[in-house]
Amino acid sequence: MTESDEQDERISLIFGGKIPGVGEESLLLYLAYLKEHLELPCELTGIEDFGWEEYYVLGPGDRKEYEGLKKTMPSYSDKYQLISLADEVDDWMGILVQVKRVSDKKKFTLPLSDMEATAEGSKNYQLLDDYSVWFVNNR
């Protein structure tokens, strides 16, 4: 069995055997599952640059301006402490999380699908990776 097959099996078990598309009902089921299984404390970071950062990371944006904006905006390169999973879900953004940036304690609400646990190989890392793969591939 490939790693992808194992991941599909883990995800399908959350939903009782079949992997559904992303919608309010499936997101609420996944949210309940994560609330039950995620272990706190959990440190997170971004998987890849956040939407606002693309202009600076991949495009012509000014490096100095980018560094200034990162002081007030969340960056994929920052580390965050997971505070909580939101109780509501959004069909477009999925499960939202409240996080606190480790460096300056600023709080943000971010889509969980953009985040990964910093402890690779941990239970939390696998749980969040499974969620992100499901969310991105079944929208």
Could you compute how much accessible surface residue 1 exposes when probed at 1.4 Å, giving the result in Å² to the nearest 10?
150
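For the stretch 1-131, what does the accessible surface come to per residue with a 1.4 Å probe? Please give it in Å².
Working: 7770 Å² over 131 residues.
Per-residue accessible area for the stretch 1-131 comes out at 59 Å².
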Tell me, what is the FRET efficiency for residue 66 and residue 102 to the nearest 0.05, using R0 = 22 angstrom and their Cβ-Cβ distance as r?
0.65
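Please list the equivalent ellipsoid semi-axes of the stretch 1-58, computed as the square roots of five times the alpha-carbon gyration tensor eigenvalues, in descending order and whole angstrom.
Values: eigenvalues 142, 53, 42 Å².
The three semi-axes for the stretch 1-58 are 27, 16, 15 Å.
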May I ask you to compute the full-extension gain from residue 133 to residue 29, defined as 0.36 nm times their residue separation minus their alpha-carbon distance, rounded to one decimal in nm?
35.9 nm
Pairwise Lys count, the chain - Cα closer than 19 Å, eight or more residues apart or different chains
17
Share of accessible surface on carbon and sulfur in the stretch 64-110, whole %, 1.4 Å probe and ligands ignored, is 53
Roughly how much of residue 69 is accessible, in Å² to the nearest 10, using a 1.4 Å probe?
60
Using a Gaussian network for the chain with springs between C-alpha atoms less than 10 Å apart, which of these wobbles most: 64, 18, 79?
64
Rounded to the nearest 0.05, what FRET efficiency do residue 19 and residue 118 give with R0 = 30 Å and r taken as the Cβ-Cβ distance? Could you check?
0.65
Placing +1 at every Lys and Arg Cβ and -1 at every Asp and Glu Cβ, with all other atoms neutral, what dipole size does the chain have around its Cα centre, in debye to the nearest 20?
680
Expressed in angstrom, Rg and Dmax over the Cα atoms of the chain are 15.7, 50
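The values are calculated or read from the model by the stated rules, or taken from the named source; none is laboratory data. The model shown is predicted, which means the values in this text are computed figures rather than measured ones. Glycine gets a Cβ as well: all are built from the backbone with ideal geometry, and neighbour counts include every protein chain shown. Each accessible area value is taken on the protein alone, full model and side chains, heavy atoms only, with ligands, DNA and RNA left out. Shrake-Rupley method; radii C 1.70, N 1.55, O 1.52, S 1.80 Å.
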